[in-house]
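A short worksheet on the structure shown next.
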Amino acid sequence: MPSTLSREHFIRRAGLVTLALTSFNAGATTLVNWLRPIKAPMDLVVPPLVSLAFAGLFVALKRRPQHLATTMRLAVLVSLLALAAPAWFYTWQAATHPGLRLIETYPPVSALLLALLATTVIFLPPRQAIPTLVLCWLLVAGPVLGYLFTHPQELHSARGADLVMTYGPCFVMIMVLLPVHRGLAGRIRHLVDERTRMEAMVNRDALTQLYNRRFCELVLQDLLARHAPVALLMFDLDNFKTINDSLGHAAGDAVLQAVADCCQARAPRDACAARWGGDEFVIVLPSMDSAALQDFADQLCAALAALTLETTPRVTASLGMALAAEHDTPATLMQRVDQAQYRAKHQGGNRAAW
């Protein structure tokens, strides 16, 4: 079904890319560490665990995209543990072993803290982002900065200055930019909501709030172009003209709205229910076989006949059904379903026909 890429869909894709890249980079880091002539135990343990953890989170998000928020919180937690562990370990090691210097043993992971902070800003809601940022900074940068400021010789080295700049001013800059980011994100959400509202005005039928004919044609054309399995259902009301002529257009509008509500309530979530024109309706049903289509049409026919409306006679419908063939176009498929609807009408109405 043609649609704009929603914010949720975009963030979900960004989450998948983030998880995949992190898993790959951690795996590559593992390989590099194994090839080093001098191997540090911490460097041989943390990267492979991170790679496996993020690969698992990638699979979990792929299978259950609705759990995006939980998955990314776990990703932030794993990243925090992966960065905090070497920060505390190597700081403790340097502080307790006089022959070791932190600037020589600490792995080149300082830039990863900035990546963690950026991930936190993007994927966590505002109320959680700020305290998480502070916690990340305290657990990762705190021990390193504390050690450096108590060891001036290492602080004034090139590596020490680099660590101080990364863990100090860069963090402050992110905290300052966070409100700006949130403001821009709010503005973007407002624009997306406004665009969604405008699209709804263009694509929806004003009376029934079903999709209109133009949008339904686009949906059908898109599905057929992708050779996706699709079923089509078309129906009109058997006695609608009588209702309009005898009771007026207000009563007719009430009937159309009730029929639309009935369609919306029974159509599958991936279906496109549309008012085709007048009292004629079309439902595009992706991935539905003949047995399921027959069952759905029979249930809808019975539901329409069971509608009870004040001051209006019983409403029945004639339904036509068709399954898309391999070389069908929207025109040929509509022609077949229109003929099926005519057969249902010719057989007395209040039924579904192929």
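The values are calculated or read from the model by the stated rules, or taken from the named source; none is laboratory data. This structure is a prediction, so every number in the text was calculated from the model and none was measured. As a convention, Cβ positions derive from the backbone with ideal geometry for all residues, glycine included, and neighbour counts pool all protein chains shown.
Restricting attention to the range 197-216 and to residues that are without any contact (Cβ under 8 Å) to a residue 60 or more places away in the chain and touching a strand residue (DSSP E or B) at 6+ places or on another chain (Cβ under 7 Å), the residue that is surrounded by the fewest Cβ atoms within 10 Å (Cβ to Cβ) turns out to be 204.
Of the residues screened, residue 24 is one that is over 13 Å from residue 71 (Cβ atoms) and at pLDDT 90 or above.
When residues in the range 97-111 are screened for being over 18 Å from residue 36 (Cβ atoms) and either in a helix (DSSP H, G or I) or polar (S, T, N, Q) (or both), 3 of them pass.
Pairs linking a residue in the range 65-94 that is assigned by TED's automatic domain parsing to the domain that holds residue 20 and closer than 20 Å to residue 109 by Cα to a residue that is part of a helix (DSSP H, G or I) and among the acidic types (Asp, Glu), with Cβ atoms under 9 Å and 6 or more positions apart or on different chains, are 86/43; 94/104; 94/154. Note on the range 17-46: residues that are touching a Phe, Trp or Tyr at 6+ places or on another chain (Cβ under 7 Å) and either free of Cβ contacts under 8 Å to residues at least 12 places away in the same chain or β-branched (Val, Ile, Thr) (or both) total 1.
Going by the conditions given, is residue 333 over 23 Å from residue 209 (Cβ atoms) and under 32 Å from the mean Cα position of the chain (by Cα)? Walk me through it before giving the result.
Working: over 23 Å from residue 209 (Cβ atoms): yes; under 32 Å from the mean Cα position of the chain (by Cα): yes.
Criteria met by residue 333.
Whenever a residue of the range 107-126 is among the small types (Gly, Ala, Ser), its partners that are crowded, with 20+ Cβ neighbours inside 10 Å and assigned to a helix (DSSP H, G or I), lying with C-beta atoms within less than 7 angstrom and at least six residues away or across chains, give the pairs 110/163; 110/167. On the given criteria, is residue 223 in contact with a strand residue (DSSP E or B) (Cβ under 6 Å, 6 or more places away or on another chain), in a helix (DSSP H, G or I), under 18 Å from residue 322 (Cβ atoms) and assigned by TED's automatic domain parsing to the domain that holds residue 281? So residue 223 passes the test. Among the residues of the range 90-134, those that are hydrophobic (A, V, I, L, M, F, W, C) and farther than 26 Å from residue 152 by Cα comprise 115, 116, 117, 118, 121, 122, 123, 124, 129, 130, 133.
Has the range 156-178 got at least one residue that is in a helix (DSSP H, G or I) and under 23 Å from residue 57 (Cβ atoms)? Give the derivation first.
Kept after step one, since they are in a helix (DSSP H, G or I), are these residues of the range 156-178: 158-167, 169-178.
Still in the list and also under 23 Å from residue 57 (Cβ atoms): none.
No.
Going through (1) at positive phi; (2) among the polar types (S, T, N, Q); (3) touching a Leu at 6+ places or on another chain (Cβ under 9 Å); (4) modelled with pLDDT under 90 one by one, residue 287 falls short only on (3).
Could you tell me whether the range 170-190 includes any residue that is more than 30 Å from residue 334 (Cα to Cα), buried (at least 19 other Cβ atoms within 10 Å of the Cβ) and over 32 Å from the mean Cα position of the chain (by Cα)? If you could, list the steps in order and put the result at the bottom.
Restricting attention to the range 170-190, the residues satisfying the condition of being more than 30 Å from residue 334 (Cα to Cα) are 170-190.
Narrowing the set further to residues that are buried (at least 19 other Cβ atoms within 10 Å of the Cβ) leaves 171.
Filter once more, keeping what is over 32 Å from the mean Cα position of the chain (by Cα): none.
Looking for residues that are more than 30 Å from residue 334 (Cα to Cα), buried (at least 19 other Cβ atoms within 10 Å of the Cβ) and over 32 Å from the mean Cα position of the chain (by Cα), one finds none in the range 170-190, hence no.
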